[in-house]
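Here is the structure we will look at.
Just so you know, all these numbers are worked out from the coordinates, no wet-lab data involved. Here the structure is a predicted model, which is why all the values come from computation and not from measurement. Glycine gets a Cβ as well: all are built from the backbone with ideal geometry, and neighbour counts include every protein chain shown.
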Amino acid sequence: MIIYNVTSNLEESIHERWLHWMQTKHITDVLATGKFTSARLARVLIDEEMGGVTYAVQYTTDCKETLQRYYDEDAPRLREEGHRMFGDKMIAFRTELEVLSDHFSVE
């Protein structure tokens, strides 16, 4: 399993609008590509030196090849929408994670 993690730092002025867009449109659009099985949105609790508000979205997919298909077929269009809406008030970086194992507490 692969996790595609997108971490975004936002200026305060767009924070609420970006969060609404993510929760009501963008994450749904990414999942609608059929290349991911789930998504998790989290707020980063560490204050950034640059200021602003930081979030991470983790999309889960089955393998690196499926993620590459997302990059080739869908990512440019979906990234462009965010860039068009928020411009330089948002920066994002992407990380690919390979899940090695899952562990859960035993009650």
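Structure notes:
- Selection from ALA92, GLN23, LEU45, by position along the positive dipole direction of the chain (Cβ): GLN23
- Backbone amide hydrogens, once placed in the peptide plane, bring VAL44 within less than 5 Å of THR54, TYR55, ALA56, excluding anything fewer than 5 places away on its chain.
- Eligible lysines near LYS89 by straight Cα distance, threshold 25 Å, same-chain separation 8 or greater: LYS25
- Using θ = phi - 60° in the Karplus curve 6.51 cos²θ - 1.76 cosθ + 1.60, the 3J(HN,Hα) couplings for region 55-64 round to 10, 10, 10, 10, 9, 9, 9, 6, 7, 4 Hz; x is entered for Gly and Pro.
- Within the listed set LEU97, LEU45, LEU67, the residue fluctuating most in the Gaussian network model of the chain (springs between alpha-carbon atoms under 10 angstrom) is LEU45.
- Rounded to the nearest 20 debye, the dipole size of the chain about its Cα centre is 300 debye, using +1 on the Cβ of Lys and Arg and -1 on the Cβ of Asp and Glu.
- For the chain, built as a Gaussian network whose Cα springs stay under 10 Å, the top-fluctuating residue of MET50, MET90, MET22: MET50
- Here is the list for region 39-107: chymotrypsin sites (Phe, Trp or Tyr not before Pro) lying in DSSP coil, each with at most 12 other C-beta atoms within 10 angstrom of its C-beta, are PHE104.
- Reported label for calculated percent of Cα pairs over 17 Å apart given (i) 66; (ii) 55; (iii) 77: (ii)
- For region 69-79, the Karplus equation 6.51 cos²θ - 1.76 cosθ + 1.60, evaluated at θ = phi - 60°, returns couplings of 4, 4, 4, 6, 9, 10, 4, x, 5, 6, 5 Hz by residue, with Gly and Pro reported as x.
- In order through region 25-31: 3J(HN,Hα) via Karplus (6.51 cos²θ - 1.76 cosθ + 1.60), integer Hz, x for Gly, Pro: 9, 4, 4, 4, 5, 5, 5
- Choice from ILE46, ILE91, ILE14 showing the highest fluctuation, given a GNM over the chain with Cα pairs closer than 10 Å: ILE46
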